[in-house]
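These notes concern the structure reproduced below.
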Ligand SMILES: N[C@@H](CCC(=O)N[C@@H](CS)C(=O)NCC(=O)O)C(=O)O
């Protein structure tokens, strides 16, 4: 039975799960949940995720939500050989990935505090410029943590990188131009952009998100 992936392109956690699906080379069927039409609160979707949020995933009898749990599950169940490094089985390595899975949730929250996506879409507001420092403090934290490492949890790509990447690049929707202050972060972003599935997962999705957000912001000028 094929994996069903409940997705909405603008959603960074959804795209992190999709990066995991692609990195593992899994087949899946995408089911778009139109968030702005409220499809996530309809009974059909609530039967899959009672919290009414994307992403969600159905694999056989399992109905899964929470993006980080889904990405970890996919690796636990399907990663073979070299792909196991995406979520290593060695406890000493895995704990570093888990650590960054939690940290990237905080990073995402910091981005959202500044970006004010709900306010832009629902209440005709703008991003919260007074919170730019909040977003930048998370970028600085990642820049410091990366140091001379290639990826967040070491020199090997892991699922934690997917979550960090989609959180940080969400800033592109506001045409954020301050990445230059964080040179190690820029190098890491370059590595992530070069992944063979990056464009398929994030390219058009980020462009569409940018267009939708900019349209809302321009309408307020
Ligand atoms: N902690 C959850 C967060 C999921 C989440 O907040 N999804 C948002 C999109 S990014 C959503 O579905 N929002 C619609 C709603 O809350 O009605 C995860 O990582 O999966």
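The values are calculated or read from the model by the stated rules, or taken from the named source; none is laboratory data. What you see is a predicted model, and the numbers here were worked out from it, not measured in a lab. Quick reminder, even Gly has a Cβ in these numbers, built from the backbone with ideal geometry, and neighbours come from all protein chains shown.
Hey, any hits in the stretch 41-58 for a residue that's at pLDDT 95 or above and away from the ligand (no atom under 16 Å from the Cβ)? Talk me through it step by step, then tell me what you get.
Within the stretch 41-58, the subset at pLDDT 95 or above is 41-58.
Those left that are additionally away from the ligand (no atom under 16 Å from the Cβ): none.
For the stretch 41-58, residues at pLDDT 95 or above and away from the ligand (no atom under 16 Å from the Cβ): absent.
Got a number for residues in the stretch 32-63 being under 23 Å from residue 76 (Cα atoms) and either touching a residue at least 24 places away in the same chain (Cβ under 8 Å) or part of a strand (DSSP E or B) (or both)?
11
Yes or no, residue by residue, for (1) under 19 Å from the mean Cα position of the chain (by Cα); (2) closer than 19 Å to residue 19 by Cβ:
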residue: 74; (1), (2): yes, yes
residue: 77; (1), (2): no, yes
residue: 92; (1), (2): no, no
residue: 102; (1), (2): yes, yes
residue: 109; (1), (2): yes, no
residue: 117; (1), (2): yes, no
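Restricting the search to the stretch 196-221, which residues are touching a residue at least 24 places away in the same chain (Cβ under 8 Å) and under 15 Å from the mean Cα position of the chain (by Cα)?
197, 198, 200, 201, 202, 204, 205, 206, 209
When you scan the stretch 150-159, do you find a residue that is in contact with a strand residue (DSSP E or B) (Cβ under 6 Å, 6 or more places away or on another chain) and under 27 Å from residue 8 (Cβ atoms), even just one? Full working, then the answer.
The initial filter retains those residues of the stretch 150-159 that are in contact with a strand residue (DSSP E or B) (Cβ under 6 Å, 6 or more places away or on another chain), namely 157.
Narrowing further to those that are under 27 Å from residue 8 (Cβ atoms): 157.
Yes, that holds for at least one residue.
Which of the residues that make up the stretch 9-29 are in contact with a helix residue (DSSP H, G or I) (Cβ under 8 Å, 6 or more places away or on another chain) and away from the ligand (no atom under 14 Å from the Cβ)? It would help to see each step written out before you state the result.
The initial filter retains those residues of the stretch 9-29 that are in contact with a helix residue (DSSP H, G or I) (Cβ under 8 Å, 6 or more places away or on another chain), namely 9-26, 28.
Those that are in contact with a helix residue (DSSP H, G or I) (Cβ under 8 Å, 6 or more places away or on another chain) and away from the ligand (no atom under 14 Å from the Cβ): 21, 22, 23, 24, 25, 26, 28.
What single numbered condition from (1) outside the structural domain of residue 168 (by TED's automatic domain parsing); (2) away from the ligand (no atom under 15 Å from the Cβ); (3) assigned to a loop (DSSP other than H, G, I, E, B) fails to hold for residue 89?
Every listed condition holds for residue 89 apart from (1).
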